[in-house]
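To keep things clear, I will list the structure first and then write my remarks on it.
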Amino acid sequence: MVVNPSSIASLTSVPGSTVTFQIDTADSPPFAGFEVGIFSNVSVLQSPRVDLTGNVLGVDAILASECVNGLGSQCSPTLDLDGQGVVSVELFTSSGANTTTPNGKLFSVTFTVGVTGFSPIHIVESLLGTAPNGNILPVAIHDGYFTNMDCPSSSGNLCRPPIVSFSAPQSADLGDPVAFDASGSKSQNPNGTITTYAWVFASGADRFFVDTTSPLTTFTFRAQYPSGRWTVTLTVRDNYGTPAIETLPILLIRPLVSATVFLTDSSLKSLPFQTVNVILSGGVVRSVHPRNVLVWANVTNTGPIPLQSLNLIEFIRTNGAVNPSWTIGKGGIHVYYANTTSLATNPEITQPSTIKVSNTPALHVTVAMPSLNATAIGHPLMPGQSLLLSVDLTYALIGTSQSAASYPQYYDCGASVEVWTKAGFMGGEAGAANLARLVALATSVGNSSHHTTIV
């Protein structure tokens, strides 16, 4: 997609005269609609008028939107496109005809020259869509410019725009700092130097501005920012004030994680209806079946990027206790890398130093792993991979006096997890939580009052 002509540079283009720029396609695959926007300096080029006659989509084309400075009777403004200095047009063909023209006019804009100065004609949006599937075609853009000033003043040497060039990654993780380098930018005017670098990081209505005198900058896309397609726009100016603009897309990726809680007995069989059966005799708890309950938390990387560190909390609001009492090197708490189809065969990656247990106000088991690379798996948690935390509980009320009327008793077993894309709990962050309920049912035996409670 090109600006035609690529430049209008003339000292005779005085204020009050008019200039016209046309936006063309060149060597394009078939397309059935477009959304295109151009940006110019509103002080230099004023009162833009759009002309759609003779466009490549023909007479059956339907105008969906035409905005000038974000306004107009047929304007349906887009947050991340329309605004001051922008002329945008959205057009499509209703019949599907005239979709095979590879070269030709999309639209033209005529401006009135307001003052002596310099204006870029920068293509800020360049979407060509196909029919009927609506795919968006890749587009290379070539900007233009207008000037009626000379550099240096009174030299007769018409000003030229700087060459703007910067490098940016195609994608980045939310929460990570990203480096941008515009060292390749340079002035094309006599004794010209680049003096300012103005960066705009944009997604929808979100815009962040960074102005520097250095070609190097770093921007952190914070974890609370929206993921998806962003644009990075750099405007460089030389010591004559002439600007040039470059816009590149960048895909912001958010980590995702899920957490689920489930219960088994000590033989790793699922608990039917997540229940245990308590036997009372003479108002005293004599036994419970199963004797031990394993509360499991499954953490799965459901996003597109690896996870390097995590903080997992499993809480059990029960009358249970960790069985046996937790000591370094052994106990009822285990962490596994879930790379098999059986709970019994998953490799253990427990690191005792990363585990803390608290019994107030409820039982909390915290696993804080600053680097999954440092565990037995030796790598981050990759997309689709899972970790398991298992806590072995025993019913601590055996031998105590309990009323059958107090049953059934309900105990919440939950897990919450935070994960990061970098070691040391840094980088992009995500979280998840889940809850299961353990139910204790009671049966009284061996006396005159026999009470069975079923949920």
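The values are calculated or read from the model by the stated rules, or taken from the named source; none is laboratory data. Worth saying up front: this structure is predicted, and the values here are computed from it rather than measured. Using ideal geometry, Cβ is built from the backbone for each residue, glycine included, and neighbour counts are taken over all protein chains shown. Accessible surface is based on the protein model in full, side chains and every heavy atom, while ligands, DNA and RNA are left aside. Shrake-Rupley method; radii C 1.70, N 1.55, O 1.52, S 1.80 Å.
Numerical summary
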{"quantity": "Förster-model FRET efficiency, 60 Å R0, LEU137 and SER266, C-beta, rounded to 0.05", "calculated": "0.50"}
{"quantity": "Mean Cβ neighbour count within 10 Å, used as a protection proxy, ranking 426-432, 285-291 highest first", "calculated": "426-432, 285-291"}
{"quantity": "Spacing of the two label points (7 Å from each Cα toward its C-beta) at ALA179 and VAL210, in nm", "calculated": "1.2 nm"}
{"quantity": "Accessible carbon and sulfur surface of segment 14-156 relative to its total accessible area, %, 1.4 Å", "calculated": "54 percent"}
{"quantity": "With 20 Å bins from 0: P(r) over the chain, alpha-carbon pairs, percent", "calculated": "20, 33, 23, 18, 5, 0"}
{"quantity": "Net charge of Cβ neighbours under 15 Å - reference PRO138; Lys, Arg +1; Asp, Glu -1", "calculated": "-2"}
{"quantity": "Gain upon complete extension [LEU158, ASN339; 0.36 nm per residue less C-alpha separation]", "calculated": "58.4 nm"}
{"quantity": "Unmatched cysteines, the chain - criterion: no other Cβ of a Cys under 4.7 angstrom", "calculated": "CYS413"}
{"quantity": "Reduced Cα scattering model of segment 148-236, Debye log10 I(q)/I(0), q = 0.11, 0.17, 0.19, 0.23 Å⁻¹", "calculated": "-0.40, -0.75, -0.87, -1.12"}
{"quantity": "Whole-Å semi-axes of the ellipsoid equivalent to segment 22-67 (Cα gyration tensor, √5λ, descending)", "calculated": "23, 13, 10"}
{"quantity": "Theoretical FRET efficiency, 1/(1+(r/R0)^6), r = Cβ-Cβ of GLN74 and GLN46, R0 22 Å, to 0.05", "calculated": "0.60"}
{"quantity": "Table column - 3J(HN,Hα) (Hz), segment 165-174, Karplus curve with 6.51, -1.76, 1.60, x for Gly and Pro", "calculated": "8, 8, 9, 8, x, 5, 8, 8, 8, 4"}
{"quantity": "Set of segment 145-160 residues, backbone N closer than 20 Å to the point 7 Å along the Cα-Cβ line of LYS186", "calculated": "151-152, 158-160"}
{"quantity": "Ellipsoid semi-axes in whole angstrom, largest first, where each is sqrt(5λ) of the Cα gyration tensor of segment 185-271", "calculated": "50, 11, 9"}
{"quantity": "For segment 78-92, Karplus couplings with θ = phi - 60° (6.51, -1.76, 1.60), whole Hz, Gly/Pro x", "calculated": "9, 4, 8, 10, 7, x, 4, x, 10, 10, 10, 9, 10, 9, 8"}
{"quantity": "Gain on full stretching of the segment that runs from HIS289 to THR193 - 0.36 nm per residue minus C-alpha separation", "calculated": "26.4 nm"}
{"quantity": "For the chain, share of DSSP beta bridges that run antiparallel, in % to the nearest 5", "calculated": "90 percent"}
{"quantity": "Per-selection Kirkwood Rh - segment 1-94 (Cα, Å, 1 d.p.)", "calculated": "14.6 Å"}
{"quantity": "Translational diffusion coefficient (Stokes-Einstein; Kirkwood radius from C-alpha pairs) of segment 241-300 at 10 °C, 1.306 mPa s, in µm²/s", "calculated": "96 µm²/s"}
{"quantity": "FRET efficiency, LEU63 to THR360 (Cβ-Cβ, R0 60 Å, nearest 0.05)", "calculated": "0.30"}
{"quantity": "Neighbourhood charge, 15 Å Cβ-Cβ cut-off, centred on ALA423 and excluding it, Lys, Arg +1 and Asp, Glu -1", "calculated": "-3"}
{"quantity": "Surface accessible to a 1.4 Å probe, per residue, for the residues of the chain, Å²", "calculated": "45 Å²"}
